Amino acid sequence: MAGWCVRAVRQSYSLVASPALTRASPRLLCTATQQKNGHGSEEAEKSDQSAAEALLMEEKTKLEDQLKDMTEKYKRALADTENLRTRTQKMIEDAKLYGIQGFCKDLLEVADILEKATDSVPKEEVTTQNPHLKNLYDGLVMTEVQIQKVFTKHGLVKLNPDGQKFDPYEHEALFHAPVEGKDPGTVAIVTKVGYKLHGRTLRPALVGVAKAP
């Protein structure tokens, strides 16, 4: 009986002192440490990821603001360019239309002389009895008609506002006087006809305006 007890004690001691069990203990401690450290690493990794996302969002916001600002500047630049193109085109068109106004003003003097020459011929003497005067008068009339056709072709239109309401944009009043049979504010007398070039007054008509007695 005593021998059996001694053997049982020895077996128990050898089991406790077994190298396998001794080696297993550090492994268990290492595993626990790794699990603890792993949990901390995950938290640190999540924290770093959140910080990186915040930086990315901030950078994204800055880029979006820059893009918006550049887009607005681009749109303004396009609008300015379009306005400049429109103004330039308008200036070119006006130059084409009104570039001849200096030449037209000079020709108006010729037209005035022709009109005065025609009006100065006594109409009662323009007969076949006086062929030389008749031919001269007919030539003057034809020349005046032809020059008015040329004027019309190039957008130059005569203004003879007799009896019309006075318009300061088209007429220049030389005097105001009561005129029988004329309403106040209307053109009573035209001393010199005016002209418009493509709708723009080139030379206002010189007129006398009727006023109330």
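The values are calculated or read from the model by the stated rules, or taken from the named source; none is laboratory data. Keep in mind that this is a model prediction, so the values were computed, not measured. Please note that ligands, DNA and RNA were not included when accessible areas were found on the heavy atoms of the full protein model with its side chains. Shrake-Rupley method; radii C 1.70, N 1.55, O 1.52, S 1.80 Å.
Listing for the model above:
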item: Accessible area per residue in Å² at 1.4 Å probe, computed on the stretch 138-198; result: 63
item: The stretch 59-103, accessible surface, carbon-and-sulfur percent (1.4 angstrom probe); result: 60
item: Violating pairs (Cα-Cα greater than 24 angstrom) within the set 153/182; 149/192; 96/196; result: 153/182
item: Accessible area expressed per residue, the stretch 64-106, with surrounding protein chains retained (probe 1.4 Å, Å²); result: 89
item: Mean Cα-pair separation over length for the stretch 109-213, i.e. relative contact order, pairs under 8 Å, 6 or more apart, %; result: 25
item: Sequence-distant aspartates and glutamates (8 or more away, or on other chains) whose Cα lies within less than 13 Å of residue 165; result: 183
item: Accessible area of the stretch 107-207 belonging to carbon and sulfur atoms, whole % at 1.4 Å probe; result: 57
